[in-house]
Amino acid sequence: MSDKAVLYELRDGVAYITLNRPEASNAVDLDCARLFGDVVSRVATDGPRVVLIDGRGKCFCAGGDVSSMVTAPDRASYLHELASTLEAGLRRLSELPVPVVAAVHGAVAGAGLAVVLNCDVVIAARSTKFLMAYSGVGLTPDCGVSYLLPRAVGQQRALELALTGRTLSADEAMAWGLVAQVAQDEDVLRRAGEVVTQIAHAATSALGEAKRLTRSSWESTRCDSALDEPATIARAVGTDEAPPLPARFRTDRAC
């Protein structure tokens, strides 16, 4: 097992990213944040069909590494750089032109929520707990959490998590729209693997464009979307992934 804080492997068209600080509940310090950004840049260069993110040990990600903040000579400067560096890496992750799947377990706290919010399909182990955790240590949201969380669960729910310290179960997280599926603890990696396999065998460019259209819709006007969608589908129909449909093909067979 490598001692790197973030592991990366490309195998059969799938990019595997693993948070590898189990002794620290996969909390992120500055070195880990930098390495994560480097790994995402490598993924972008390697061009996989899909990405799978998970974490070693008992927790997926406990957020920022508070112990590294406490020991920093200049805490404010350190925290500013940590938050900026990790946010940049996560934003690049969300902008990858392929789907990103996460398999989460244990605890997803603080910046761990940011990781989840920047993934496209999240499979949670049933025992997973989700919480913002920032106020418990006298800090404020970072890494895009205050921007992305209200868009995922709504403003009132996001404020409740931020202001009351409420912890969500995996089932509650799914009901709120924070995760896509919940699996038994022992099955979460298998289920995530099934989703990854399904995506890896699908039309990569079409899925990437579907992701882009959906994620960009928060910043687009309806008029912008009305121009973007037909232009995108027109490009898609001319690719090798969209061969001419036989005359007997009927979409109403799905009904």
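Report the calculated FRET efficiency for ASP12 and ALA180 (r = Cβ-Cβ distance, R0 = 22 Å), to the nearest 0.05.
0.45
Enter the Cα centre distance for the pair region 1-65 and region 120-141, rounded to the nearest angstrom.
Cα centroid of region 1-65 versus Cα centroid of region 120-141: 18 Å apart.
With every protein chain present, what is the per residue accessible area of region 180-241 (1.4 Å probe, Å²)?
Roughly 67 Å² per residue, with all protein chains present.
Output the antiparallel fraction of DSSP beta bridges having both residues in region 104-255, as a percent to the nearest 5.
Around 20 percent of the beta bridges assigned by DSSP in region 104-255 are antiparallel ones.
What trypsin sites (Lys or Arg not before Pro) in region 100-203 are in a loop by DSSP, with at most 13 other Cβ atoms within 10 Å of the Cβ?
Sparse-neighbourhood loop trypsin sites (Lys or Arg not before Pro): ARG166.
Given the Cα-Cα distance of ARG212 and THR197 and 0.36 nm per residue of separation, how much length would full extension add, in nm?
3.3 nm
Contour minus end-to-end for ASP240 and SER135, with contour as 0.36 nm per residue of separation and end-to-end as the Cα-Cα distance?
Extra length available between ASP240 and SER135 comes to 32.7 nm.
Return the calculated 222 nm mean residue ellipticity for the chain, to the nearest 500 deg cm²/dmol, obtained by summing -39500 (n - 2.57) across DSSP H runs with n ≥ 4 and dividing by the residue count.
On the way: 10 runs with 118 residues, N = 255.
Value at 222 nm, helices only: -14500 deg cm²/dmol.
Could you grab the relative contact order for the chain? Cα pairs under 8 Å, six or more apart, rounded to a whole percent.
Relative contact order here is 16 percent.
Which whole-number percentage describes the relative contact order of region 1-96, with Cα contacts under 8 Å and a sequence gap of 6 or more?
34 percent
Calculate what fraction, in whole %, of the accessible area of the chain sits on carbon and sulfur atoms when a 1.4 Å probe is rolled over the protein chains.
55 percent
Taking only C-alpha pairs under 8 Å that are 6+ residues apart, what is the relative contact order of region 89-181 in percent?
Normalised by residue count, the contact order of region 89-181 is 30 percent.
For region 6-100, what proportion of DSSP beta bridges, expressed in % and rounded to the nearest 5, is antiparallel?
45 percent
Can you give me the solvent accessible area of CYS223 with a 1.4 Å probe, rounded to the nearest 10 Å²?
100 Å²
How high is the FRET efficiency from THR71 to LEU189, r the C-beta distance, R0 30 Å, rounded to 0.05?
Details: r = 34 Å, r/R0 = 1.13.
The pair THR71/LEU189 has a calculated efficiency of 0.35.
Taking the chain as the reference, fit the longest principal axis to its C-alpha atoms, fit the long axis of helix 155-164 to the helix C-alpha atoms, and give the angle between the two in degrees, 0 to 90, nearest 10.
Result, in degrees: 20.
Taking the Cα atoms only, what angle lies between the long axis of helix 30-46 and the longest principal axis of the chain, rounded to 10 degrees?
Helix 30-46 sits roughly 10 degrees off the main axis of the chain.
Please give me, ordered by residue number, the GluC sites (Glu not before Pro) of region 117-223 that lie in loop per DSSP and have at most 14 other Cβ atoms within 10 Å.
When the GluC sites (Glu not before Pro) of region 117-223 are filtered for loop state and at most 14 Cβ neighbours within 10 Å, GLU219 remain.
Could you tell me the calculated FRET efficiency between GLU219 and GLU160, based on Cβ-Cβ distance and R0 = 22 angstrom, to the nearest 0.05?
On the way: r = 25 Å, r/R0 = 1.14.
Plugging the Cβ-Cβ distance into 1/(1 + (r/R0)^6) gives 0.30.
Using the Kirkwood formula on the Cα atoms of region 1-150, what hydrodynamic radius do you get, in angstrom to one decimal? Please report the intermediate quantities before stating the final value.
Numbers: mean 1/r = 0.0657 Å⁻¹.
Result for region 1-150 stands at 15.2 Å.
Going by alpha carbons, how many degrees (0 to 90, nearest 10) lie between the helix axis of 222-237 and the longest principal axis of the chain?
60 degrees
How would you classify region 105-225 from its alpha-carbon gyration tensor, with a ≥ b ≥ c the square roots of the eigenvalues: rounded for a/c under 1.5, else prolate if a/b is greater than b/c, otherwise oblate?
Oblate, because a/c is 1.5 or more while a/b does not exceed b/c.
The values are calculated or read from the model by the stated rules, or taken from the named source; none is laboratory data. All of these numbers come straight from a predicted model, not from anything done at the bench. In this analysis, Cβ positions are derived from the backbone assuming ideal geometry, glycine residues included, and neighbour counts consider all displayed protein chains. Each accessible area value is taken on the protein alone, full model and side chains, heavy atoms only, with ligands, DNA and RNA left out. Shrake-Rupley method; radii C 1.70, N 1.55, O 1.52, S 1.80 Å.
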